[in-house]
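Beneath this line is the structure, given in structure tokens, with notes to follow.
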Amino acid sequence: MSRTTGGFGEIQGLRAIAVLAVLIFHTWASVLPGGFVGVDVFFVISGFVITNSLYVQVLKTGHFSLLDFYSRRVRRLIPAATTVLIVTFIACYFFLPPNRWNETLYELLASALFVENWMLIANTVDYLASKNAASPVQHYWSLSIEEQFYFFWPIAFALAIWLSTRLKWALPKILFIGILIVFACSLYASWYFTATERASAYFLTQTRVWELALGGLIAIGMYGREFRHNTKLGLSTAGMLAILYAILFYDSNTRFPGLAALVPTLGAALIISARNLEGDVFSILNATPLKKIGDRSYSLYLWHWPVIVLYKANFDGMGLPTGLALLVLIALLSETSYRVIEQRFRTPSKPRDSVPMYVAGSGIAISLTCAVIFSIWGQHQPITIPASETWEYPGPLTLLDGFATPPNVDYFPSLEQLKRDVPASYREKCHQDKEEEEATECNSGTPSSNKLIVLVGDSVAAQWAPALEKIAFQEDFKLVSVTKSACPYARVQVELEGEHYPSCMRWRDDMISEIAQMRPSMIFASQASNYFDVSDEEMENGFKSVWQDFLATGAKLYVIESTPLLPFDPADCLARNAGPCIYTRDDVSKASVLFKAAQTMPAVDYIDMTDGICLTNTCSVVVGNVIAWRDPVHLSATYAGLLSSYLKAEAGL
């Protein structure tokens with residue numbers, strides 16, 4: 001989000017509109033549901049400014065200095081970005097719940113290296129990470145794309161100059177054709193990936209570069225051109241209406257970026273093309289207040305997200321007074337950052353001024369690297385899970401056998417450990433993620449046994465592995481888990497986040513074939529109940545179809561009801577309230593289609609473990625000093641393991 005305007009005064013006003021849209025969207029999303037397109041307007045502006053700057057320099061001198069280009073980018077962008085990372089790093093210790101430190105450390109490091117967008121893409125593929133709350137530095141994804149663009153764009157310019165000399169072609173022609181190719185290829189990628197992998201497409205460099213290239217096309221194609229007043233008015237009117245339409249009428253359901261991103265980006269391109277809007281209805285873009293906001297747009301963007309996220313990590317809701325107070329705080333931080341950091345390091349009048357920032361930048365990079373290494377080491381340390389209920393941690397004994405919960409005992413697992421209190425199949429990488437389609441087996445219990453238990457389903461089924469492992473050891477069975485995240489094992493056509501999900505269907509077919517060859521003694525099946533894009537009737541028929549295949553193997557089939565769904569993150573709730581975090585059972589636990597389907601097939605044994613998780617009227621995150629849920633959907637491995645004797649009794653083993 002470079003700040004050079006190159007003589008186009010209205011650009012700062014356009015920046016102001018973009019950053020205000022983003023700020024209002026992140027503060028009160030319902031007011032401007034499409035305010036996120038402000039980032040796309042920024043991309044067009046940045047592409048125009050950088051391309052125009054390089055082009056003018058080449059026209060004047062016949063060349064440009066890569067070293068000088070990168071030096072200017074570092075001075076203008078890195079000091080402020082690094083300062084925000086340092087302050088956020090420190091603030092997280094005081095204002096962010098401990099259960100979110102590990103994931104935030106990774107994103108802080110990714111942001112410092114300007115690869116945050118790639119980190120977020122990796123998290124969308126990782127089902128566990130995809131459930132993480134937004135980090136205080138998640139907004140660095142757009143800065144990362146810009147920095148990646150700034151890295152290769154001048155190199156592409158140098159290549160164009162070389163080709164112009166070799167081929168004896170006019171430089172503007174080569175540049176325009178080259179940028180047009182980048183624009184077209186990236187726009188196609190944006191359309192394709194938005195249709196097939198929407199979550200990843202939002203952060204993907206290849207799906208966003210066309211927006212910066214669009215600014216580049218305007219810089220080359222419109223260089224030296226001046227339109228008549230009526231033409232300027234028409235261009236600026238159409239451009240502003242396009243941006244306002246996207247801001248007001250786009251929302252989270254809009255397939256974005258894709259072709260939908262053409263509306264705000266073309267709007268920005270039209271306004272930039274019109275330029276010199278004095279005397280126009282849109283001369284307001286040159287108004288002093290908007291120019292001042294535009295000057296500070298980079299700092300405003302950097303500071304707004306950490307402030308909002310850290311607030312939301314500690315408080316519920318954001319009304320008008322609170323939102324306005326946060327905006328005032330953001331404005332104060334931005335103004336200080338703009339004057340003390342941006343303006344000071346922007347001009348190299350005092351080379352020694354750069355030394356502290358380089359030292360600070362190196363320091364935070366080293367500190368974050370060490371912290372992430374420590375975090376990785378910590379995550380690979382085993383959690384000592386109680387083999388059975390203890391006096392301090394009676395767990396489900398308090399619900400099913402009337403045991404009292406001892407007071408003044410720290411919850412287990414700790415909030416720092418909770419996210420990684422998962423079944424062994426996650427650590428051993430045999431539980432399949434969303435993109436994988438092979439029915440991989442996870443083996444435990446007594447490997448040499450001829451008696452076989454199979455656990456099948458999605459991540460809600462996988463959570464029962466700790467309980468079944470104990471049963472397998474006790475009864476001398478071999479346990480084989482065949483599970484895949486966010487994939488119903490029922491024979492239905494399902495979409496994931498509004499997108500076709502072919503890997504799920506292929507995994508399901510492979511899984512059914514594998515189990516048919518195993519000839520197990522028992523099959524335990526479960527899955528989440530919230531596949532809302534499939535009707536109850538379709539899902540019920542899909543279950544019964546697969547259950548017929550399971551029963552055909554000669555196995556005894558047990559169907560475990562899905563876990564109650566919490567309306568909050570358990571770790572965040574515990575960290576914020578330091579209480580049990582109780583919710584009404586009727587609101588989180590309802591008989592699913594599993595129950596309805598099982599009633600029509602007497603050969604299927606239906607098991608509901610909810611009484612071992614909740615009281616008659618309420619569900620509590622903590623049961624007998626053990627944290628029962630690791631996230632809103634899944635039980636902790638510790639608590640699931642403590643339910644083994646009750647699951648065994650329900651199955652009649």
Completion exercise
A careful count of residues in the stretch 194-206 that are crowded, with 18+ Cβ neighbours inside 10 Å and either in contact with a Gly (Cβ under 8 Å, 6 or more places away or on another chain) or of a type in the set (D, E) (or both) gives 4
Handout entry: Of residues in the stretch 58-90 being among the aliphatic types (A, V, I, L, M) and open to solvent by 40 Å² or more (accessible area, probe 1.4 Å), the one nearest to F114 (Cα to Cα)
Key = I78
Exercise for the section: Evaluate the following for I179: is it in a helix (DSSP H, G or I), within 11 Å of the chain's Cα centre (by Cα), under 26 Å from V44 (Cα atoms) and of a type in the set (V, I, T)? Expected result: no
Problem - Selection count where residues are aliphatic (A, V, I, L, M) and open to solvent by 10 Å² or more (accessible area, probe 1.4 Å), scope the stretch 502-511 - result: 1
Practice task
Keeping to the stretch 512-557, report how many residues are of a type in the set (D, E, K, R), surrounded by 16 or more Cβ atoms within 10 Å (Cβ to Cβ) and within 19 Å of Y501 (Cβ to Cβ).
Solution key: 1
Handout entry: Close pairs (7 angstrom Cβ cut-off, 6 or more residues apart or separate chains): open to solvent by 20 Å² or more (accessible area, probe 1.4 Å) and of a type in the set (S, T, Y) in the stretch 307-326, assigned to a helix (DSSP H, G or I) and modelled with pLDDT of 85 or more anywhere
Key = Y311/L326
Practice task
Kindly indicate the residue of the stretch 228-246 that is of a type outside the set (A, V, I, L, M) and crowded, with 16+ Cβ neighbours inside 10 Å and also modelled with the highest pLDDT among those meeting that condition.
Solution key: G239
Completion exercise
For the stretch 609-627, the count of residues that are free of Cβ contacts under 8 Å to residues at least 60 places away in the same chain and part of a loop (DSSP other than H, G, I, E, B) equals 4
Fill in the blank from the handout: Residues of the stretch 174-190 being touching a residue at least 12 places away in the same chain (Cβ under 8 Å) and of a type in the set (S, T, Y), in sequence order, are S186, S190
Exercise for the section: Give just the number: which of (1) more than 26 Å from the chain's Cα centre (by Cα); (2) more than 25 Å from D572 (Cβ to Cβ) does W464 not satisfy? Expected result: (2)
Practice task
For the stretch 252-265, enumerate the residues that are of a type in the set (S, T, N, Q), modelled with pLDDT of 90 or more and more than 19 Å from F48 (Cα to Cα).
Solution key: T254
Exercise for the section: Confirm whether F249 is open to solvent by 30 Å² or more (accessible area, probe 1.4 Å), among the aromatic types (F, W, Y) and modelled with pLDDT under 90. Expected result: no
Handout entry: Hey, W153 over 21 Å from I308 (Cα atoms), open to solvent by 40 Å² or more (accessible area, probe 1.4 Å) and either outside any helix (DSSP H, G or I) or of a type outside the set (S, T, Y) (or both) or not
Key = no
Exercise for the section: Restrict the check to the stretch 572-589 and report whether at least one residue is open to solvent by 10 Å² or more (accessible area, probe 1.4 Å), modelled with pLDDT under 90, among the charged types (D, E, K, R) and touching a Cys at 6+ places or on another chain (Cβ under 8 Å). Expected result: yes
Exercise for the section: Inspect the stretch 642-651 for any residue being in a loop (DSSP other than H, G, I, E, B) and either open to solvent by 20 Å² or more (accessible area, probe 1.4 Å) or polar (S, T, N, Q) (or both) and give the result as yes or no. Expected result: no
Practice task
Could you list, in sequence order, all residues of the stretch 558-567 that are surrounded by 15 or more Cβ atoms within 10 Å (Cβ to Cβ) and either in a helix (DSSP H, G or I) or out of contact with any Lys or Arg (no Cβ under 8 Å at 6 or more places or on another chain) (or both)?
Solution key: Y558, V559, I560, E561, S562, T563, L565, L566
Practice task
May I ask you to list the residues in the stretch 406-440 that are open to solvent by 70 Å² or more (accessible area, probe 1.4 Å) and part of a loop (DSSP other than H, G, I, E, B)?
Solution key: P407, N408, D410, Y411, E428, K429, E435, E436, E437, E438
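The values are calculated or read from the model by the stated rules, or taken from the named source; none is laboratory data. From a predicted model like this one, the values you see are computed outputs, not experimental measurements. Because the Cβ atoms are built from the backbone with ideal geometry, glycine has one as well, and the counts that use them run over all protein chains shown. Each accessible area value is taken on the protein alone, full model and side chains, heavy atoms only, with ligands, DNA and RNA left out. Shrake-Rupley method; radii C 1.70, N 1.55, O 1.52, S 1.80 Å.
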